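These notes concern the structure reproduced below.
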Amino acid sequence: MTSISSQNVIVGTAGHIDHGKSSLVEALTGTHPDRLEEEKRRGITIDLGFAFLEEAGVRFGFVDVPGHERFVSNMLAGAAGVDLVLLVIGADESIKPQTREHFDICRLLGVKRGVVALTKSDLVDADTAGLVRLEVEEYLRGSFLEDAPIVPVSAKTQAGLPELKRALLAVAQQAPGKDVARYFRLPIDRAFAIKGFGAVVTGTLISGSVAPGDEVELFPTGKRLRVRGVQSGGQTVERAIAGQRTAVNLAGIEHTALRRGMVLATPAKFRVTRRIDVQLELLRSAPKMKQRSRVHFHSGTCETVAELVFYAQKEFAPGQTGFAQLRLQDDVMVLAGDRFIIRQFSPVTTIGGGVVLDPLARRPTVRDTGRVAFLETLERGDRGEVLAAMIERAVLGITFQEIVGRTGWLESEIRAAAKKLADTARAKIVSAEPLTLLSARNFDEVRQKIAARIEKFHKENPLLPGISREDLRSSLGRRVREETFRAALDELLAQKKLEAHGEIIKRAGAAISLDPEEARAKEQIEKAFATAGLAVPSVKEVLSKVRVEAKHAEKILQILLRDKSLVRVTPELIFHRDALAQLRDRLSVFKKTKGERISVPGFKELTGITRKYAIPLLEYLDRERVTRRAGDERVIL
Ligand SMILES: Nc1nc2c(ncn2[C@@H]2O[C@H](COP(=O)(O)OP(=O)(O)OP(=O)(O)O)[C@@H](O)[C@H]2O)c(=O)[nH]1
Ligand SMILES: [Mg+2]
């Protein structure tokens, strides 16, 4: 088991064909990175090769790339995740086309540091070597490699190797290293099977860590897989961490279902996309790009076709940088901050690249006038501002899940940013679990809408005490999340602007307003039941006698039932509250004087009512637990 404290650095070779990249990796590590039969036969590198070196506590993982122009797409898969570049330039040939192309790619992929090796120094005299060095210095001026060490070496004589190792160590010590604490992501660059183990994938672990037993999600398929074993740097480990070359043995899948371009990641966090908003840079050497041009797209180890959509202009000039949308032909999994490369269709050359700003971009529309400002905010990258801007653009609000899918931020980071926005009243946390955020403006709108709906309801329904929660909710439509509705309603209730009585919501202090006619009808109805005692008239009969519209009479009856002046015992039978209270009294007197059992005839005799009323009333009393049925009799409780 390797110590986690030791530094892990991925070194990618870069440079023109035959300049001695693979030979140099072998001279440094003892491992020749070319693996394929065809590579050995043709003496060129075709696909990625790997080798390891541990030097003064630094674990170097070398990714050796092919220099041949036909295999740049393989080179791109290897360049993803590189911490520092070993730019290999043959002292006998100096800078050649793929020196430039690989260098451009490294710069566009955001590689920040490296070392230049002037190889085959045994083949040139001191004058030539000096000249090549000048050319190289001139070429690198103003670039990220401006101050990089330039080391003459020979793989043949071993001259310069100790100096090169020292230079690599010095540069490695300045490299920040990848973040082990973030979500696990492994872009796959190889998939194969090992007898007795099954499917194995390899890649540069660009963030997080992975251990046997972990569940991981395979993108773009979304399949969940179990990690059976992990190796890094060619050794079995208990955990592989960001910055290491990593091999993962997977259970539950055939190796034929796995391939370069797929990604293993922490499960249930991310989504695939086909539409991304980016900051795009077109190389000076590129032709100008028209709106809707199709290009090859490379990110991580994956490759697809993209259509370019520009926002602020109709075409993109060579050397220009600006916002664009890429519509991808296949599902890919990328996060904000990921780098990408674009290549021309034909001839296939690298023409530009950039950084993903919004991996789940919206379809471009004329109405979406805020997009450029939004992308500017994303580009500046201030977490609070980014979150505020995302919330601002989400009318329905945004959930934890969506934020993670767009940004790759950790839960603690999202919660901290959300709290800050909520504390400064820029956003409303409408639900803490799952975290759901809405802009303060949108939240206010929902509150106002609720208040307005309730006003309207009171106006249209003066005889009803309020609107049911459910009706209120559905009157807002689907453009309001359940969580938002709940939070807005709770706030209005807490502010005492509204009142809730069970499921009924009303304006605070709202009372049913009856006109004199209705008030008289109410009295009449109540009196009809009050005077009837237990031998009540039918509801229909009572309502037909009052002098208001049938619809209103029915509502007045509802009011009496709601405030419990009347009690509905069966759909047809309604009794006055007082009559029922008297009945209970009589039963308790009966219990004291005659015992706790009473028969149906006994009950009829006690109350003086017919069977028509007696049976429903007894059943009602059973339900109310005043009595309990025991055979033909009732026990008074
Ligand atoms: N004399 C001399 N020959 C070298 C040196 N390094 C590499 N070579 C030779 O140059 C040829 C190409 O070397 P490679 O290491 O395969 O070059 P490469 O850059 O990996 O080539 P690709 O991967 O195909 O781009 C081989 O024949 C090597 O033996 C060196 O330092 N001195
Ligand atoms: Mg090679």
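The gain in end-to-end length when the residue 37 to residue 600 segment is fully stretched comes to 192.6 nm, 0.36 nm per residue minus the alpha carbon separation. Report summary: the helix-based calculation at 222 nm, which adds -39500 (n - 2.57) for every DSSP H run with n ≥ 4 and divides by the residues of the chain, gives -11000 deg cm²/dmol. A crude spin-label estimate for the pair residue 550 and residue 367, with each label 7 Å from Cα along the Cβ direction, gives 4.6 nm.
Counting charges near residue 628 (Lys, Arg +1; Asp, Glu -1) among other residues having Cβ under 11 Å from its Cβ returns a value of +1.
Dividing the alpha-carbon Rg of the range 534-637 by 2.2 N^0.38 Å yields what?
1.20
The relative contact order of the range 269-370 comes to 38 percent, based on Cα pairs under 8 Å that sit 6 or more residues apart.
Here's the picture: charge each Lys and Arg Cβ at +1 and each Asp and Glu Cβ at -1 in the chain, and of 501, 313, 476 the one pushed furthest to the positive end of that dipole is 501.
The Rg/Rh ratio for the range 309-361 is 0.95, where Rg is the radius of gyration of the alpha carbons and Rh is the Kirkwood radius.
Taking Cβ atoms as reference points and 13 Å as the exclusive limit, the residues near residue 255 contribute a net charge of +4, counting Lys and Arg as +1 and Asp and Glu as -1. A cut-off under 14 angstrom between Cβ atoms defines the neighbours of residue 441, and their net charge, with Lys, Arg +1 and Asp, Glu -1, is +2. Calculate how many DSSP beta bridges within the range 86-227 are antiparallel, expressed in % of all such bridges and rounded to the nearest 5. Of all bridge pairs located within the range 86-227, approximately 55 percent are antiparallel. Averaging Cα coordinates gives a centre for the range 551-586 and one for the range 501-544; these two points are 9 Å apart. Once the Cβ-Cβ distance of residue 475 and residue 420 is raised to the sixth power relative to R0 = 45 Å, the FRET efficiency obtained is 0.85.
Taking the inverse of the mean 1/r over every pair of distinct Cα atoms in the range 412-466 gives a Kirkwood hydrodynamic radius of 13.0 Å. Our summary of shape: the Cα atoms of the range 21-167 have principal axis extents of 39, 35, 34 Å, ordered from largest down, in whole angstrom.
Only aspartates and glutamates eight or more places from residue 288 in sequence, or on another chain, were considered; those with a Cα closer than 15 Å are 307, 315. Our note on the geometry: Cα centres of the range 370-437 and the range 449-499, 27 Å apart.
Over the chain, what is the mean sequence separation of C-alpha contacts under 8 Å (at least six apart), divided by residue count, expressed as relative contact order in percent?
7
The antiparallel fraction among DSSP beta bridges confined to the chain stands at about 85%.
When the Cα gyration tensor is reduced to axis lengths a ≥ b ≥ c, the ratio a/c stays below 1.5 for the range 580-637, which is therefore classed as rounded. Note on the chain: with charges restricted to the Cβ of Lys and Arg (+1) and Asp and Glu (-1), its dipole about the Cα centre is near 3240 debye.
Relative contact order of the range 571-637: 33 percent, from C-alpha pairs under 8 Å at least 6 residues apart in sequence. Rounded to the nearest 0.05, the FRET efficiency derived from the C-beta distance between residue 637 and residue 235 at R0 = 56 Å is 0.10.
Between amide H atoms placed 1.01 Å from N, distances below 5 Å from residue 50 occur with 64, all of them 5 or more places distant or on a separate chain. Put in line by how crowded their Cβ is, counting other Cβ atoms within 10 Å and starting with the fewest, 449, 112 read 112, 449. Estimated at 0.36 nm per residue, the fully extended path between residue 329 and residue 615 surpasses their Cα-Cα distance by 95.6 nm. What is the log10 of I(q)/I(0) for the range 451-494, computed with the Debye formula using one identical point scatterer on each Cα and no solvent, at q = 0.18, 0.20, 0.30 Å⁻¹? Per q value, in the given order, log10 I(q)/I(0) is -0.54, -0.66, -1.18.
When Rg and Dmax are taken over the Cα atoms of the range 59-118, they come to 11.1, 31 Å.
What area, in nm² and to one decimal, does the C-alpha convex hull of the chain cast on average over all directions?
In nm², the orientation-averaged hull projection of the chain is 42.5.
Based on the Cβ-Cβ distance of residue 197 and residue 112, what FRET efficiency does E = 1/(1 + (r/R0)^6) give at R0 = 41 Å, to the nearest 0.05?
Plugging the Cβ-Cβ distance into 1/(1 + (r/R0)^6) gives 0.65.
If the segment from residue 572 to residue 395 were pulled out straight at 0.36 nm per residue, it would be longer than the present Cα-Cα gap by 58.9 nm. Per the Debye formula on identical point scatterers at the alpha carbon atoms of the range 237-360, with no solvent, log10 I(q)/I(0) at q = 0.10 Å⁻¹ is -0.36.
Computed from the coordinates by the stated procedures, all read-outs in this text should not be read as laboratory data. None of the values given here were measured: they were computed from a predicted structure. For neighbour counting, all protein chains shown are included, and Cβ atoms are generated from backbone atoms with ideal geometry for every residue, glycine included.
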